């Protein structure tokens, strides 16, 4: 088992109200069009973790992660997860992470480059660990930089200096990150 961790784009911070579109970290997590290099590299059993995007005035944090269950192509994903088709909501925001129409053409609202290279390796996940409660997010914002510095054995003042655009984790690093995330969730679950 290995893992990958990456920061989402500027402003993509669910703790500040941004709606997760890719990855979608629901009961069955998915990663559809973003991070094609990670989607190509992972195999079932690997882990994918996302860090919130930069937002002025708040620290970035590890939003969540999930285990890769399988990889399918975009048309198969559309047939299986029609609710994940990329679309524009009434308020103008985008939702969904499947960038293809049923006839194989590109979604009218897709903004990615290299459309054809993004159709393979739609990642279907399992066993998500997601920090969603305000107290979980607050703790994660305070601890993420230190935790990732420890996980990677690299001191830095910015997350980007530790992870760059994306970074691979070995099995020990994955377990360390998962343990921390589960501890954060337990600390705010009301159970001890």
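All of the numbers you see were taken from the coordinates with simple rules; none came from a lab. Please read all numbers here as calculations on a predicted model, not as lab measurements. Cβ sites come from the backbone with ideal geometry, for glycine too, and all protein chains shown count toward neighbours.
Miscellaneous remarks
- Cα gyration tensor shape of the chain, rounded if a/c is under 1.5, else prolate or oblate by comparing a/b with b/c: prolate
- Rounded tilt (10° steps) of 134-152 against the dominant C-alpha axis of the chain: 80 degrees
- Computed from Cα atoms, the angle from the helix 171-187 axis to the main principal axis of the chain rounds to 80 degrees.
- Relative contact order computed over the stretch 1-155 (Cα-Cα under 8 Å; 6+ residues apart), in percent: 29 percent
- Extension gain (nm, one decimal) between residue 91 and residue 1, 0.36 nm per residue minus Cα-Cα: 28.4 nm
- Exposure proxy ranking for 107, 189, 50, based on other Cβ atoms within 10 angstrom of each Cβ and starting from the fewest, stands as 189, 107, 50.
- Taking every DSSP bridge with both residues inside the chain, close to 80 percent are antiparallel.
- Percent RCO, i.e. relative contact order, over the stretch 1-75, from Cα pairs under 8 Å lying at least 6 residues apart: 37 percent
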